[in-house]
1. Could you check Glu135 against (1) within 16 Å of the ligand (Cβ to nearest atom); (2) under 18 Å from the mean Cα position of the chain (by Cα) and say which number it fails?
2. For Thr65, work out the one condition from (1) in contact (Cβ under 8 Å) with a residue 60 or more places away in the chain; (2) within 22 Å of Pro120 (Cβ to Cβ); (3) within 11 Å of the ligand (Cβ to nearest atom) it doesn't fulfil.
3. In region 160-175, what count of residues is obtained for those that are open to solvent by 10 Å² or more (accessible area, probe 1.4 Å) and in a helix (DSSP H, G or I)?
4. Which one of Ala77, Ala113 is touching a residue at least 24 places away in the same chain (Cβ under 8 Å) and hydrophobic (A, V, I, L, M, F, W, C)?
5. Only one of Ala112, Ala118 is more than 12 Å from the ligand (Cβ to nearest atom) and within 21 Å of Thr195 (Cβ to Cβ). Can you tell me which?
6. Test each condition in (1) over 29 Å from Gly8 (Cβ atoms); (2) touching a Ser or Thr at 6+ places or on another chain (Cβ under 8 Å) for Ser354 and report the one that comes out false.
7. Within the group Ala191, Ala157, which residue is more than 16 Å from the chain's Cα centre (by Cα), more than 15 Å from the ligand (Cβ to nearest atom), on the phi < 0 side of the Ramachandran plot and open to solvent by less than 10 Å² (accessible area, probe 1.4 Å)?
Amino acid sequence: MDLHREAGLKNDTLLRALACQPTEYTPAWLMRQAGRYLPEYNATRARAGSFLKLVRTPALATEVTLQPLERFPLDAAILFSDILTVPDAMGLGLAFSEGEGPRFERPLRDEAAIRKLAAPDPSAELGYVLDAVREARRALAGRVPLIGFSGSPFTLACYMVEGAGSDDWRTLKTMLHARPELLHRILEVNARAVTDYLNAQIEAGAQAVMIFDTWGGILSHEDYERFSLSYCRRIFEKLLRQREGSRVPSILFTKGGSPWLAAMMKSGCDAVGLDWSADAREARRVAAGKVALQGNLDPSALFAPQKSVREAARRVLDAFGSAPGHVFNLGHGIAPQTPVDAVSALIDEVRTYSRSHRSRMAAGT
Ligand code: CP3
């Protein structure tokens, strides 16, 4: 019985691959597939007036969510939003200044602010995200599944304590070593906030969810389990697993997570995202067909001529092999300078090469 197709999805390749079921080809989507490398994204962003207005206007967020699908035969849409909406809803005051990246007006610097921190009610403070999920689902009309997402408790804490991006995360790391109990308090609140937020996205129509642990890789071996993975595990324990008669799979991506792939695979997620430093063959061996894998082309491969892009795509597909349970993606977000034609070549190569590889296997050649 085909549950996803029954739920009205015309292309359920992503959900099948995440469930380690056979697919006709390797499904593909790209982290940051809606973004500044697309001229139509820049036009909509200009119309919105700012990145945050774009994120907070469901009709415009829906428009940019669908833009990459109009250009490339991708197998998923990812909700257009940002991980920092959650700390913003906690009252930290998110701002994006031109060319500078995110900044919080009220970072968590003293014990009193940390004691007061509370998980937001998603339907109240993050209603605009849930509206965007509902509107994007309507606009997609079952073409491909919609992926919802959140930052990991640790990655959110990095920005909440530091107040902005950082090269060394010195404020955060000082708190970790000097006052670990304060960081744990933030992480507990974040874990509750992320659980409620992802479950609200699932109830609004997200058909898969992904946790972005962009900064987990800055942690020492022991601290990764203590300060990042253990809180992700709590989230996976409480995520809604079933919606509209389909399983809602979860993906965990830790940038720089290669040393901990086996532990990530046992955290309760359905799939692990790999950055480009990961050994795909070894990861497939450890996953043993029980957990799906997503990744892991180096995003800078897209700066090379199309012939090289196609070769790079084939190398990634060969490394993962054609057994069920691989979702093609980049190892991190697509860069704003990426040529659109390189993305067309990439997605075309993944589709045609993985399809022909499967038919060759079926024919026993
Ligand atoms: O993948 C998608 O297409 C969905 C959209 C998406 C965005 N941010 C849009 C965005 C997703 C999934 C994110 C997640 C996100 N946001 C992460 C984790 C993923 C990762 O890349 O590791 C992080 C760390 C953030 C925080 C954030 N938002 C930063 C550091 C920046 C500035 C960096 C930059 O590229 O300039 C943003 C802004 C942002 N989020 C942009 C987009 C398209 C660029 C904003 C613009 O249009 O100017």
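1. (2)
2. (2)
3. 6
4. Ala77
5. Working: Ala112 fails: within 21 Å of Thr195 (Cβ to Cβ).
Result: Ala118 is the single residue among Ala112, Ala118 that is more than 12 Å from the ligand (Cβ to nearest atom) and within 21 Å of Thr195 (Cβ to Cβ).
6. Failing condition for Ser354: (1).
7. Exactly one residue qualifies, and that residue is Ala191.
Table: residues versus (1) closer than 28 Å to Ser250 by Cα; (2) away from the ligand (no atom under 13 Å from the Cβ).
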| residue | (1), (2) |
| --- | --- |
| Gly148 | yes, no |
| Asp168 | no, yes |
| Met175 | no, yes |
| Ile186 | yes, yes |
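The values are calculated or read from the model by the stated rules, or taken from the named source; none is laboratory data. This one's a predicted model, so the numbers in the text were calculated from it and none came from an experiment. Note that each Cβ is placed from the backbone with ideal geometry, even for glycine, and that neighbours are counted across all protein chains shown. Accessible surface areas use protein heavy atoms only, side chains included; no ligands, DNA or RNA. Shrake-Rupley method; radii C 1.70, N 1.55, O 1.52, S 1.80 Å.
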